Structures are given as structure tokens and as C-alpha cells.
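**Q** For reference, the structure I am asking about is given below.
Values in this text are rule-based calculations from the coordinates and carry no lab data. Keep in mind the model is a prediction, meaning the values are calculated, not measured. Cβ: placed from backbone, ideal geometry, glycine included. Neighbour counts: every protein chain shown.
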Amino acid sequence: MPRRRPSAVRAELPVARSRYYFRYSYPPINRLSGSCQAAVRRLELARFDPGDTAKAFWHWAALAHGPLRQVADPFSSAGCGIPECGCDPGYARDHLEEILHALPKKSARELRSRVRELDHKIVRRSKIVRADSPDTPWWRNQL
């Protein structure tokens, strides 16, 4: 009996998926090192849903690079107070802040620099940033 080709033998084996295999609906965060992305992914597996950080970063970047009318008038906030609704972009920044505090120092520093770029762009484009109290972050219920 002739010997089977190795590719034919491998074709019959089941495909083993790693536990880090997920389909993300949002693009990954650009200009992050592999170690930082791995740290974010490990943290998401432990404490959050996979892809939440990329989703929050994407929403925050969309606000920073989107139309000026979304940033220009903070007094016409249409936020309903429900995080799942997605109408208040401050919830995306809250998630990013929570991730930044939970990551290891080196990874947090790298992600913080990317988030800080977006923060500066949003603040430069907005006319007024209200400060309700010193304990309240500037993005909460402001945009």
C-alpha cells in the first residue's frame, strides 16, 4: 500500500484554535507595540469583553477626527445616561481610563500617549469645556 502524503494526513486533523482567537468588529489600535496589544488582550480576557478597548478607542478617535459640530457645543449634550446606548462618547473615554489604570506601566504609558493625542485634539477643537467639580473628569457628560 502506498504511503499517504503528509498534507493529506494533516488535512484530516482538527484545527486547534487558540484561546486568543476572536473576530473583532473594530480595527486594532494602530502604532501600538505587540507587547502592548498582548497586554490589552490579556486584560480583556481577564476583566472585560474582547475588543472593548479597540471599540472605545475607535469611538474616541471618531469624535476627535469627526465633524466639529460633535465637539463644538457641549451644552447641547444628548446623553441619556445609559452606557450601552452609545450616545455619550464620554463612556468610551471612561473605559479607556479604566484600561489605562489596569495595564502594566510600560503598556499603559504607550496607550496613554495615543489617547492623550486624541484628548488634545478634542480639547483644541472644542470651544468650551465645562468643569463641574475638580473630582469630575473633563470628558464626563461634557461632549
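**Q** Below 11 angstrom from the Cβ of residue 90, what's the summed charge of the other residues (Lys, Arg +1; Asp, Glu -1)?
**A** -1
**Q** Among 56-65, 106-115, 30-39, how do they line up from the highest to the lowest mean number of other beta-carbon atoms within 10 Å?
**A** Numbers: 56-65: 19.5, 106-115: 17.2, 30-39: 13.6.
Going from most to least packed, we get 56-65, 106-115, 30-39.
**Q** Mind sorting 29, 99 by how few other Cβ atoms lie within 10 Å of their own Cβ, fewest first?
**A** 29, 99
**Q** What FRET efficiency, computed as 1/(1 + (r/R0)^6) with R0 = 30 Å and r the Cβ-Cβ distance, is obtained for residue 98 and residue 15, rounded to the nearest 0.05?
**A** The pair residue 98/residue 15 has a calculated efficiency of 0.30.
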